[in-house]
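Shown next, in C-alpha cells, is the structure this report addresses.
The values are calculated or read from the model by the stated rules, or taken from the named source; none is laboratory data. In this text the structure is predicted, and so the values were computed from the model without any measurement. Heads up, the Cβs are rebuilt from the backbone with ideal geometry, glycines too, and the neighbour counts pull from every protein chain shown.
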Amino acid sequence: MANYIQTVKNLSIGFKSQKGKEISILRNITTNIKKGETVGIVGESGSGKSTLALAMMGYVKHGLYTMSGECLFNSSNLLNMTNRDLEKIRGRKIAMIPQNAGQSLTPNLKIGYQIEEALKLHTNLNKEERESKISDLLNKVRLPSPDIMALRYPHELSGGQQQRVAVAMALAGNPELLLLDEPTTGLDVTTQAHVLELLKDIAKDTGTSMVYVSHDLGAIAQVCDRVIVMYAGEIVLEGPVRKILKEPIHPYTHGLLNSIPKLSLSGLPDSMPGSQPQPGHAGEGCSFYDRCNISVEKCKDSAPKLEYISEIDTSVRCFNHQELKINKKKNSFSNNINKKNIKINEILNLNDVSITYAKQSFLDQIFNKITDSNPTVKDINININKGETIALVGESGSGKSTILKSIAGLLKNKDGSIKFNQDKVLSSDLRNRSSDDLRSIQLIFQNPDESLNPNHTVEQILSQPLKLYFDFKGEELKKNIIQLLKKVRLGEFYMGRYPRQLSGGEKQRVAVARAFAAKPDIILCDEVTSALDVSVQAAVLDLLNNLKEDLGTTYIFVSHDLAVVKAISDRVAVLYQGRLCEIGPSKNVYQFPSHPYTEVLLGAVLDPDPDIKPKLIAEDIVEEKPPENGCCFQGRCPRILGDKCRNEVPPWQIGENGNSIRCHISIKDLKSQQF
Amino acid sequence: MFFLIFKRILLGLITLFIVSLITFVGTEILPGDACTTYLEREAYGAALEACYKRLGLDIPAYERYLSWAYNVIQGDFGYSLSGQMPINEVLGPRIKNSMVLASAAIIIGIPMALILGIITALWRDKLPDIIISTLAIFSMTIPEFISATLLILIVAIWLEWLPGIVIVPTDVTFFELLPNIILPVIAIAMIMTAHMARMVRSSVIQVMASDYVQMAILKGVPYWKMVFKHVLPNALLPAINVVALTIAWLLGGVVVTEVVFNYPGLGRLVIESISNRDLPVVQALAIILASIYVSINLIADVMTLMLNPRLKTLQIRK
C-alpha cells in the first residue's frame with residue numbers, strides 16, 4: 001500500500017437523467033497509481049477517461065455526482081473532502097495540466113501572475129524568491145527569455161508556448177502526482193513531440209508520478225509505463241505499455257490499434273464497425289459485444305469481469321481473450337488502397353497563386369487591387385489530375401486551408417489563376433462563378449457539428465444541393481436522398497434525424513453525402529477526420545476511398561496528420577508558411593523525405609509503438625510571418641547553409657523519383673545526410 | 001488607438017449631422033407648424049403671415065437649416081418658438097434635472113445590478129437565484145407606466161410618505177429636488193437593475209463554466225479569490241457596453257417615467273416640444289440625445305479596449 005500514490009476503489013460517477021434515472025459515466029473503476037510511475041489512460045471520446053482523471057483530483061463536474069466508491073490519496077478520500085481541504089491538495093500534491101492551455105489560462109492575467117499565484121498558494125517563498133522561481137520554471141519548460149515571457153498575456157503566446165506555461169504552472173507546487181488531460185492534442189506534430197520530450201524529462205528528473213489521459217496511442221506509447229484502456233466507462237484492459245500496445249489481448253484495443261494509420265504501413269487502416277454505447281445504454285452483457293469480432297454466445301447476456309493474468313501482469317475484461325493471442329503482427333493493412341496509375345488529365349491548375357490576409361488600404365479598395373509584398377500564401381503551382389487524391393500537409397499556419405478556401409472561391413487570391421478543366425479560369429470571386437462551377441467543387445469541413453445546420457433533418461440537409469443544382473422534386477428527390485445515404489452506408493431511417501441524434505462519424509458521413517449530392521468533380525476535404533475518434537476516422541477514410549473508386553472524384557485533402565495523408569493520398573504537397581517545399585507521389589515523399597522540412601515533420605510523427613522514438617531534428621519555434629527574403633524554412637532548417645538560404649529563394653529541383661523540392665542543397669546531398 | 005478614437009469621433013459627427021437632417025426634414029413635412037398650432041383657429045391671412053415673419057418661417061427651409069446649423073456649431077441652438085426664450089435657457093435646467101435623476105438611478109442601480117447578478121450566478125439554481133431571478137423577471141415585464149403608477153398609489157396615496165408627482169418649478173436647487181425624485185428613481189432603477197442583473201448573471205455563469213476557471217479550481221485557488229481574480233474581470237468586461245447603453249438611455253430622458261411623475265426633465269421636454277411643433281427645440285433635443293449616445297458608446301468602447309488585454313495588443317499590432 002505504501003508505494004501507491006493514489007488508489008481508486010469501485011468508483012462510479014454519473015448523473016440523474018430528467019426522468020430521474022441514474023446513469024453512470026464511470027462504472028466500478030478500481031486501479032492504483034504507483035509512486036514515480038506514468039500511467040496512460042486511453043479511450044475514445046465518451047469513454048470517461050477525463051472524468052476519471054478529474055475524480056483523481058477530487059473534482060466532479062457540474063451536474064455529475066459520485067454514485068459510489070472513493071479516490072484515496074494518502075489514504076484520505078478526495079471525493080468527500082471539503083473544498084477548504086481540497087485547496088491544500090490541488091496544485092500542491094496533485095496538479096493538472098489541461099487539454100487546451102489556450103483556454104485554460106485566464107485571459108486577463110499575465111503569465112507571470114498565474115504562475116506566481118500557484119507559488120503563493122503552495123510554497124513559503126518570499127517575493128524575490130518567487131520571482132526567481134518563476135524564471136526557473138519557465139526555463140525548465142524551455143521557454144525563451146523567461147523574464148519577458150512572464151509579462152505577457154496568454155493570448156500573446158503560441159499554442160506550444162501556452163502548453164509549456166501550463167506545465168510550468170503545474171510544476172510550481174512541486175506536486176507528487178501530475179494529471180495530464182490530453183496535453184498535446186491540438187498541437188502541431190513537431191510541437192507535440194517536443195512537449196512530450198519535456199514531460200518525459202520532468203518525470204525522470206523529479207520522480208513525479210503522472211497520469212496521462214489521451215486518445216492518441218502514439219503519445220501514450222512515448223511517455224507511459226503502464227496503460228489503462230477504457231471503454232464505455234469501464235476499464236477493459238490494463239497492463240505494461242509494451243504488452244498493451246504490441247500484443248493487446250482485448251478485442252477493442254486490438255481494433256483500436258489497427259484503425260490507426262501508421263507511417264510504417266501502407267494502405268488504409270482497418271475500421272471498427274459500430275460505435276461506443278452511450279452512457280446508460282450498455283446492455284446486460286459485455287459493452288463491446290456489438291462491435292466485437294470474437295464474441296461468443298455468453299458475451300451477450302453476461303458481462304465479463306476484469307481478470308488479472310499474472311504472467312503478463314495484465315488485467316483484461318474479456319471471456320475470449322485467448323483467441324486474440326494468435327493474431328500475428330501485420331506488415332500491411334488488409335485493405336490496401338488500389339492506387340491506379342493516374343492518367344495525366346488535368347482537372348485543376350493552380351498557377352502562381354498568392355493569397356493575402358492583409359487588409360486593403362483605402363486607396364487599394366478604390367482601385368480594387370491587393371498589395372502585399374509578403375503574402376500569407378505565395379507562388380503556389382500545382383497541377384491536379386482527374387481522379388487523384390492530392391494532399392496538402394503542413395503545420396498550423398502553413399496556408400493549407402487558405403489554399404482550399406481560395407479554390408472554393410471563399411477567399412480572393414491576390415495573384416495567379418486557378419484553371420478548371422484545363423482552360424476555364426475560375427473567378428476568384430464566388431459571385432462571378434457559374435452555378436455549374438460551384439456545383440463541380442464541393443467542400444467537406446473539419447467539424448460536422450458546426451457544418452451541419454442543427455435545425456435541419458438529414459433529409460433537409462441533403463435535399464438542398466439536390467434541389468439547387470438538379471431541381472429534383474417529390475419522389476425523385478426522395479429517391480436520390482436514399483441513394484446518397486446508401487452510398488455513405490447509412491440506412492433510410494436516418495432521413496428524419498437531426499444532427500444531434502447522430503454520432504460524430506454518422507454526422508461526418510452526412511457531410512460527405514451532402515458534398516457528393518452535387519455530383520462534383522473535385523471535393524475539397526479540410527481536416528475531415530481530425531475531429532473524429534480513430535476507429536471512426538478509419539471508417540470515414542475507407543468510405544472516401546470507396547466513393548472515389550466508384551465515382552472517379554478528385555480529392556484535395558488537407559490534413560496535419562501525416563499518417564492519415566499517407567494512407568489516402570496519391571500525391572503530397574508539403575507546405576511551410578504558405579510556400580510549397582516539396583511535392584511528389586506520396587510513396588516517394590514518405591520513403592525519401594528530401595526537403596529538410598519534410599524530414600522534420602516525418603521525424604516528429606509518433607508511432608503507437610514504445611520502441612519507435614520520434615526524431616527531433618529542428619526546434620518548434622513559431623514564426624509569425626514568412627521571411628521576406630530567401631527560403632521560407634530558413635528559420636528552423638537544421639541544414640541551413642548561411643546567407644544563400646537567407647537571401648535567395650531556392651530553385652525547384654526534380655528528383656529521380658518524381659518529387660520536386662525547393663532547396664539550395666542538392667537532392668543527392670540531402671539524401672546522404674538524412675538523420 | 002488614438003487613430004481609432006479619432007475615427008470614431010468623426011463617425012459620431014457624421015451621425016449627428018444625419019440626425020439633424022432627419023429631424024429637420026421630418027418636422028418640416030408633417031402638416032402644421034408652430035404658427036398654426038399657436039394661432040389655432042385664427043391661423044389664416046395676415047395674422048399667419050405676421051406670425052411667419054416674426055418667427056422667421058417665411059424664408060426657405062434649406063436656408064433656415066443652414067443658418068441653424070451654423071449657429072449650432074457655435075453653441076447657439078436658437079430661439080424656442082413656443083417658449084419665446086433662448087433654447088439654451090430652456091435646456092439648461094432640464095439637462096440638470098435629467099442628470100440628477102439619471103445619476104441617482106445609476107448610483108443605486110448599477111452596484112445593485114452587479115451584486116444581484118453575481119449572487120444569482122454564484123448560487124445558480126439555488127434559493128437566492130430563484131427568488132432574485134423571479135423578481136427580476138417581474139420588474140422587467142411590468143411596463144414602467146404601470147409600476148410607476150402603482151408606486152404612486154401605494155407610497156404616495158395610501159401611505160402618504162412621499163409626494164406623488166413632482167410639482168416644482170423647473171429651476172429648483174438640488175436639495176429641494178431630492179425628496180421629489182425618490183419615487184421616479186425607484187421606478188427606473190427597478191427596470192434597469194433587472195435587465196442588467198440578468199446580463200451579469202449569464203455572463204458570470206458563462207465564465208464560471210470556462211476551462212480557465214476549472215483550471216483555477218484545480219490549481220487550488222480559494223473560492224472567493226477565484227471569483228474576484230479569475231471570474232469577475234472576465235465576466236464584467238462584456239457588461240460595460242450594456243451599462244453604457246443604459247446610462248445613455250437614462251440621460252436621454254426616461255420619457256414615460258418623467259411624464260407619469262410630471263418630472264421636469266429632458267424626456268418630458270421632448271413630448272412637450274413635439275406637441276407644440278417647436279421645431280428648434282425638437283432639433284436641439286435630437287442633437288443632444290444623439291451626442292449623448294455617441295459619446296457614451298465611444299467611452300465604453302475605449303474602456304473595453306483598455307481593460308481587455310487581448311484587444312489592446314490587437315490594436316497595437318495593427
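Within segment B:1-62, considering only helices (runs of 4 or more DSSP H) that don't extend past its boundaries, which have at least 1 residues that are under 26 Å from residue B:291 (Cα atoms) and modelled with pLDDT of 75 or more?
So the answer is B:2-29.
Mind counting the residues in segment A:160-194 that are more than 14 Å from chain B (Cβ to nearest Cβ), among the aliphatic types (A, V, I, L, M) and in a helix (DSSP H, G or I)?
Number satisfying all stated conditions: 2.
Identify, please: which residue in segment A:498-518 is in contact with a strand residue (DSSP E or B) (Cβ under 9 Å, 6 or more places away or on another chain) and more than 23 Å from residue A:46 (Cα to Cα) and is, among those, surrounded by the most Cβ atoms within 10 Å (Cβ to Cβ)?
A:517
Taking segment A:55-71 as the search range and keeping residues that are surrounded by 18 or more Cβ atoms within 10 Å (Cβ to Cβ) and touching a residue at least 60 places away in the same chain (Cβ under 8 Å), which one is farthest from the other protein chains (Cβ to nearest Cβ)?
Filtering segment A:55-71 for residues that are surrounded by 18 or more Cβ atoms within 10 Å (Cβ to Cβ) and touching a residue at least 60 places away in the same chain (Cβ under 8 Å), the one farthest from the other protein chains (Cβ to nearest Cβ) comes out as A:69.
Could you check how many residues of segment A:227-251 are within 20 Å of residue A:180 (Cβ to Cβ), assigned to a helix (DSSP H, G or I) and in contact with a helix residue (DSSP H, G or I) (Cβ under 6 Å, 6 or more places away or on another chain)?
Summing the residues that are within 20 Å of residue A:180 (Cβ to Cβ), assigned to a helix (DSSP H, G or I) and in contact with a helix residue (DSSP H, G or I) (Cβ under 6 Å, 6 or more places away or on another chain) in segment A:227-251 gives 1.
Looking at the structure I just gave you, is residue A:450 closer than 19 Å to residue A:45 by Cβ and either out of contact with any Ser or Thr (no Cβ under 6 Å at 6 or more places or on another chain) or not aromatic (Phe, Trp, Tyr) (or both)?
Spelling it out, residue A:450 is indeed closer than 19 Å to residue A:45 by Cβ and either out of contact with any Ser or Thr (no Cβ under 6 Å at 6 or more places or on another chain) or not aromatic (Phe, Trp, Tyr) (or both).
At least 3 residues that are under 21 Å from residue A:543 (Cβ atoms) and touching a residue at least 60 places away in the same chain (Cβ under 8 Å) in each: list the helices (runs of 4 or more DSSP H) lying fully within segment A:420-472 that qualify.
A:448-451
For residue A:152, work out the one condition from (1) in a loop (DSSP other than H, G, I, E, B); (2) within 11 Å of another protein chain (Cβ to nearest Cβ); (3) under 15 Å from residue B:215 (Cβ atoms) it doesn't fulfil.
It is condition (3) that residue A:152 fails.
Restricting attention to segment B:240-265, which residues are closer than 13 Å to residue B:196 by Cβ, more than 14 Å from every other protein chain (Cβ to nearest Cβ) and not hydroxyl-bearing (Ser, Thr, Tyr)?
B:241, B:242, B:243, B:244, B:245, B:247, B:249, B:250
For segment B:224-239: of the residues being crowded, with 18+ Cβ neighbours inside 10 Å and under 25 Å from residue A:57 (Cβ atoms), which is farthest from the other protein chains (Cβ to nearest Cβ)?
Per the criteria, the residue is B:227.
Conditions tested, residue by residue: (1) assigned to a loop (DSSP other than H, G, I, E, B); (2) in contact (Cβ under 8 Å) with a residue 24 or more places away in the chain.
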{"site": "B:72", "(1), (2)": "no, yes"}
{"site": "B:84", "(1), (2)": "yes, no"}
{"site": "B:93", "(1), (2)": "no, yes"}
{"site": "B:102", "(1), (2)": "no, yes"}
{"site": "B:119", "(1), (2)": "no, no"}
{"site": "B:132", "(1), (2)": "no, yes"}
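Kindly list the number of the only condition in (1) within 14 Å of another protein chain (Cβ to nearest Cβ); (2) under 19 Å from residue B:287 (Cβ atoms) that fails for residue B:274.
(1)
For segment A:72-83, enumerate the residues that are of a type outside the set (A, V, I, L, M, F, W, C), more than 7 Å from every other protein chain (Cβ to nearest Cβ) and out of contact with any Asp or Glu (no Cβ under 7 Å at 6 or more places or on another chain).
Passing the criteria: A:74, A:75, A:76, A:80, A:82.
Would you point out which residue out of A:606, A:616 is under 30 Å from residue A:247 (Cβ atoms), touching a residue at least 60 places away in the same chain (Cβ under 8 Å), surrounded by 22 or more Cβ atoms within 10 Å (Cβ to Cβ) and of a type outside the set (D, E, K, R)?
The unique qualifying residue is A:606.
Condition check ((1) modelled with pLDDT under 85; (2) in contact with a Pro (Cβ under 9 Å, 6 or more places away or on another chain); (3) closer than 30 Å to residue A:585 by Cβ; (4) not aliphatic (A, V, I, L, M)) across all residues:
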site	(1), (2), (3), (4)
A:286	no, yes, no, yes
A:295	yes, yes, no, yes
A:304	no, no, no, yes
A:315	no, no, no, yes
A:352	no, no, yes, yes
A:356	yes, yes, no, yes
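Look at segment A:84-126 and say how many of its residues are more than 9 Å from chain B (Cβ to nearest Cβ), assigned to a helix (DSSP H, G or I) and either in contact with a Leu (Cβ under 7 Å, 6 or more places away or on another chain) or free of Cβ contacts under 8 Å to residues at least 12 places away in the same chain (or both).
So the answer is 5.
Just to be sure I understand, how many residues within segment A:289-314 are more than 17 Å from residue A:232 (Cα to Cα) and in contact with a strand residue (DSSP E or B) (Cβ under 7 Å, 6 or more places away or on another chain)?
Going through segment A:289-314 one residue at a time, the tally reaches 6.
Out of segment B:172-223, which residues are aromatic (Phe, Trp, Tyr) and more than 10 Å from every other protein chain (Cβ to nearest Cβ)?
Result: B:174, B:175.
When you go through (1) out of contact with any strand residue (DSSP E or B) (no Cβ under 8 Å at 6 or more places or on another chain); (2) closer than 19 Å to residue A:534 by Cα one by one for residue A:244, which number turns out not to apply?
That leaves (1) as the condition not met.
May I ask you to say which residue of A:594, A:535 is surrounded by 24 or more Cβ atoms within 10 Å (Cβ to Cβ), part of a loop (DSSP other than H, G, I, E, B) and modelled with pLDDT under 90?
Result of the check over A:594, A:535: A:594.
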